[in-house]
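Here the structure is laid out as structure tokens; the discussion comes afterwards.
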Ligand SMILES: [Zn+2]
């Protein structure tokens, strides 16, 4: 689980700084603008372009 307060702070590192949503099935963070997916490790979203993958 991710602390709900974290969601207000999360934004994609892409140029658009898109809002992100949680893909509960895959346990990933998904940018609603560019579609990049970021892993969650130990409950912490890893919002790094180096760690992202295309959906
Ligand atoms: Zn993005």
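The values are calculated or read from the model by the stated rules, or taken from the named source; none is laboratory data. A quick note: this is a predicted structure, and the numbers were derived from the prediction, not measured. So basically every Cβ, Gly included, is an ideal-geometry build from the backbone, and we count neighbours across all protein chains shown.
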Worksheet item: Could you count how many residues in segment 1-17 are surrounded by 13 or more Cβ atoms within 10 Å (Cβ to Cβ) and either touching a residue at least 60 places away in the same chain (Cβ under 8 Å) or within 16 Å of the ligand (Cβ to nearest atom) (or both)?
Response: 6
Discussion item. As an exercise: evaluate residue 52 against (1) modelled with pLDDT under 95; (2) surrounded by 10 or more Cβ atoms within 10 Å (Cβ to Cβ) and give the number of the one condition it does not meet.
Written reply: (1)
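Can you tell me which residue within segment 18-28, out of those that are part of a loop (DSSP other than H, G, I, E, B) and under 11 Å from the mean Cα position of the chain (by Cα), is surrounded by the most Cβ atoms within 10 Å (Cβ to Cβ)?
Applying the filter and picking the extreme gives 18.
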